[in-house]
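J.: The structure follows.
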Amino acid sequence: MRNPITSILAATLAASACGRAAAEDSASPAPRWTLSERPVVEIGVADGDPHYQLYRVSAATRLSDGRIVVLNEGNASLAAYDSRGRFLFTAGRKGQGPGEFESPTWLGRVEGDTLAVWDQRLKRLSFFSGEGTYRRAANVPDADGMFPRAVGIFGDRSLAVDPGPDVFAMMQGERGVRRDSVTLQRFAADGSRAGVLARYAGNEVHVADRETGFAWNDVPFARQAYVAVAGEQLYVGDSGSGQITLYSPGGVASATLRSPMAPWRIQAADVAQYRERQLAQIEDAERRREMQATLDAAPVPELSPAFGGLAVDPDGNVWVQAYPRPAEEAVTWAVLGQDGAQRAEIRVPRPLRVMEVGRDYLLGIRTDELGVEKVEMYTVTRESGSGS
């Protein structure tokens, strides 16, 4: 059993003189791709025109003509902007009728710039044209779990759905850190079951009984699963093992890639900065006390996860994010080919949350210290000869 956070703090202080692992200091031979120094498109304001005020952004995507579509969970709507970030239109609204949303948590794009929006609460996939016209919906009543998450859509419009945390298993199981398995399901375009895509270890969580009742929270430096769908391929990354497994829509594993990123030794300063950042995000006093109790009780591993993010670009390159130290202002992403060879690396500013990577752009979401959300797009310059 791992030591609690109070014990690991002393251990990490003693180990601080050792620095990072040797692999962490080795120079990468991969070519450097670069981002534009500043975003070429920026959407989001604190005050002013409400069309530019973002509300709990779930996702963003770029259409073939350069328009950017943002999914706002907070006001249950889509908002579209031109290639310069100027507002064009909104689509959808709060409700349960056709073209309406209760809890829109995922946005995908299929052929012809058709938009697909997953509603977690209604278990429904709604389709809109690139101009915001509602087309149709597919109800997915058989999606398992209390909080089912769409994680990707295939070319035939079948959907990959993660059932989310198994709340009943956690309530009935042991307290402490646990990492339950996930059964990722596929649903056809009409919402019917179409088989199992993959089974894998999910995210680490800390389960405890609190005065307010049963609760689960993130574990410091948790091992997690990262899932992406691109074309006709499913990608499942395990940040514990550092492996990324590729599956067909039929659920057959076709290849395994390994992250080139090395875990790093967690120091006392990393733990302190992690705690500070987690608590600073919580305004509710009771919820803050609950998180404080979790952080006091949750164990901290000696090493970080192997990586901290996963994305796939239109050329099938797999982007793997190094697990960032809490104080880092930028983080390295490695770009792997389908054969697992590293083709490039690129530095991305924090706290930008990467939503989509294209051939010559990167789209992400940033939240500033005042809680203002901004969708930002950067251009990506590929070094000549570094691969397509």
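The values are calculated or read from the model by the stated rules, or taken from the named source; none is laboratory data. Since the model is a prediction, treat every value here as computed from it, not as a measurement. Here Cβ is always computed from backbone atoms with ideal geometry, including for glycine, and neighbour counts include all displayed protein chains. Accessible surface is based on the protein model in full, side chains and every heavy atom, while ligands, DNA and RNA are left aside. Shrake-Rupley method; radii C 1.70, N 1.55, O 1.52, S 1.80 Å.
J.: Give me the percent of accessible area attributable to carbon and sulfur for the stretch 63-142, probe 1.4 angstrom.
T.: The computed percentage sits at 41.
J.: Still on this structure, please answer the following. Heavy-atom accessible area per residue, the stretch 250-325, 1.4 Å probe: how many Å²?
T.: Here the per-residue accessible area is 44 Å².
J.: Compute the accessible area per residue over the stretch 178-247, keeping the other protein chains in place, probe 1.4 Å, unit Å².
T.: 39 Å²
J.: Could I ask something else about it? To the nearest 20 debye, what charge dipole does the chain have about its Cα centre, counting +1 at the Cβ of each Lys and Arg and -1 at the Cβ of each Asp and Glu?
T.: 300 debye
J.: Separate question: Relative contact order, percent, of the stretch 149-244 when contacts are C-alpha pairs under 8 Å separated by at least 6 residues?
T.: Averaging sequence separation for qualifying contacts and normalising by length gives 23 percent for the stretch 149-244.
J.: If you don't mind, another one. What is the magnitude of the charge dipole of the stretch 112-266 about its Cα centre, with +1 placed on the Cβ of each Lys and Arg, -1 on the Cβ of each Asp and Glu, and no other charges, expressed in debye to the nearest 20?
T.: 120 debye
J.: Under a 5 Å amide H to amide H cut-off, with H placed in plane at 1.01 Å, what residues pair with Gly152 once short-range neighbours are removed?
T.: Ala160
J.: Could I ask something else about it? Restricting to Cα pairs below 8 Å that are 6+ residues apart, what does the relative contact order work out to for the chain? Please round to a whole percent.
T.: 17 percent
J.: Here is a follow-up. Quick one: with all protein chains in place, what share of the accessible area of the stretch 193-318 is carbon or sulfur, to the nearest percent (1.4 Å probe)?
T.: 46 percent
J.: To continue, here is another question. Hey, what do the phi angles of the stretch 176-183 turn into as Karplus ³J(HN,Hα) couplings, whole Hz, using 6.51/-1.76/1.60 and θ = phi - 60°, x for Gly and Pro?
T.: For the stretch 176-183, the Karplus curve yields x, 7, 9, 9, 7, 7, 10, 10 Hz.
J.: Find the centroid of the Cα atoms in the stretch 81-130 and in the stretch 242-292, then give the distance between the two in whole Å.
T.: First find each Cα centre; the distance between them is then 28 Å.
J.: What number comes out for accessible area per residue over the stretch 112-166 if the probe is 1.4 Å? Units Å², please.
T.: Roughly 39 Å² per residue, with all protein chains present.
J.: From the phi angles alone, apply the Karplus equation (6.51, -1.76, 1.60; θ = phi - 60°) to the stretch 80-92 and give each ³J(HN,Hα) in whole Hz, x where the residue is Gly or Pro.
T.: So the J values, rounded to whole Hz, are 10, 9, 7, 5, 9, x, 8, 4, 10, 6, 10, 9, x.
J.: Let me ask something additional. Could you state the number of Å between the C-alpha centres of the stretch 184-202 and the stretch 354-380?
T.: Cα centres, the stretch 354-380 to the stretch 184-202: 29 Å.
J.: Where does each of 357-363, 316-322, 114-120 land if you order them by average Cβ count within 10 Å, highest first?
T.: Highest to lowest by the protection proxy: 114-120, 316-322, 357-363.
J.: Calculate the dipole size of the stretch 173-220 relative to its Cα centre from +1 charges on Lys and Arg beta carbons and -1 charges on Asp and Glu beta carbons; express the result in debye to the nearest 20.
T.: The calculated dipole for the stretch 173-220 is roughly 240 debye.
J.: Accessible area, 1.4 Å probe, largest first: how do His206, His51 sort?
T.: His51, His206
J.: Per residue of the stretch 158-171, what does 6.51 cos²θ - 1.76 cosθ + 1.60 with θ = phi - 60° give for ³J(HN,Hα)? Whole Hz please, x for Gly and Pro, Karplus curve as stated.
T.: Working through the residues one at a time gives 6, 10, 9, 10, 8, x, x, x, 7, 4, 5, 5, 5, 5 Hz.
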